[in-house]
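J.: Handing you a structure now.
The values are calculated or read from the model by the stated rules, or taken from the named source; none is laboratory data. All of these numbers come straight from a predicted model, not from anything done at the bench. Using ideal geometry, Cβ is built from the backbone for each residue, glycine included, and neighbour counts are taken over all protein chains shown.
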Amino acid sequence: MAAALDSILRLPTPEHADVAFRTAGPLARLVAWLIDAGLRIVVVILLGLPLLVLGNAGFGAILLVWFALDWLAGGLIEWRWEGRTPGKRATGIRVVGADGLPAPLHACLLRNLLRYADGLPTAATGLLTMTLGGRFQRLGDLAASTLVVYDDESAAPRAAVDDKAVVAAAEALPPEVAAVVDGPALRSLARYLGRRPTLSVPRRQEIAGRFAGALAIRLGLAKPKDPDLLLRAVHRRLGQAGNDAASEARSAGARAA
């Protein structure tokens, strides 16, 4: 039943290569919220019991602790843990920006601050906006431009690629590849590689074909026969460039010392 309440969302990249995310529906998010709420209650009890001896001052301190945990801690944890609270981590979901990139701090805080607005009355507002929007975004998500999607640890980009074909293709790339692959293209490349393990081979070639074709033109290369191979080669080459720059910086520092 939970699977029936989730959907596939395809986000376009600047190179017109869609990247798919599976948005999390109300059931998975409810379970995550219950886990987080349970942890908050446990923390408040552990911290609050010693404060009760202070009387009214202790009760006020307990309210401050609850406010900090309920209104602020969730947003801070989501930001520091790449969109995951303990409950979201346990249920395999995470918060991302509406563009598929990591959600910034202000977005994480805003969506958590507006959680109570979604709960009025009896969570009807949040459920209504999640159902009508098509992306399962509650009011906090709409205001903060965030999404809740299923996480896939196996889809994280790998910096090290041992495939001999990828190594050979990376070595054959022109030296200006680092200058050509700018910010938007780099984010699109990271997004594609992040979702690559979840894509079928035909789907990889379809998405990579549009992206790699644009990169090939900018690099002055012929149309790639294997678009997926070109993207992995560019990723490896960029990783090597970063490592080389770091090594040069360390060497320069050692010489200066």
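J.: Could you give me the residue pairs with C-beta distances under 6 Å whose first residue belongs to the stretch 128-149 and is within 21 Å of residue 82 (Cβ to Cβ) and in a helix (DSSP H, G or I), whose second residue is among the charged types (D, E, K, R) and at pLDDT 90 or above wherever it lies, and which are 6+ apart or on separate chains?
T.: The qualifying pairs are 140/111; 141/111; 144/111.
J.: Looking for whichever is over 30 Å from residue 28 (Cβ atoms) and of a type in the set (Phe, Trp, Tyr) here; the options are 59, 67. Which one fits?
T.: 59
J.: For a quick check of your reading of the model, give me the residue pairs whose first member lies in the stretch 184-205 and is in the same structural domain as residue 237 (by TED's automatic domain parsing) and part of a helix (DSSP H, G or I), whose second is among the aromatic types (Phe, Trp, Tyr) and at pLDDT below 80, with beta-carbon atoms closer than 8 Å and at least 6 apart or on different chains.
T.: Correct list of pairs: 195/21.
J.: Would you point out the residue of the stretch 69-122, among those that are over 12 Å from the mean Cα position of the chain (by Cα) and among the charged types (D, E, K, R), that is modelled with the lowest pLDDT?
T.: Restricting to residues being over 12 Å from the mean Cα position of the chain (by Cα) and among the charged types (D, E, K, R), the top hit is 118.
J.: Of the conditions (1) more than 15 Å from residue 108 (Cα to Cα); (2) among the charged types (D, E, K, R); (3) touching a Cys at 6+ places or on another chain (Cβ under 7 Å), residue 78 fails just one. Which one is it?
T.: Every listed condition holds for residue 78 apart from (1).
J.: Can you tell me which residues in the stretch 174-207 are charged (D, E, K, R) and out of contact with any helix residue (DSSP H, G or I) (no Cβ under 8 Å at 6 or more places or on another chain)?
T.: Taking the stretch 174-207 as the starting set, the residues that turn out to be charged (D, E, K, R) are 176, 182, 187, 191, 195-196, 203-204, 206.
Residues satisfying the conditions are 182, 187, 191, 203, 206.
J.: Report yes if residue 179 is assigned to a helix (DSSP H, G or I) and either at pLDDT 85 or above or among the hydrophobic types (A, V, I, L, M, F, W, C) (or both), otherwise no.
T.: So residue 179 passes the test.
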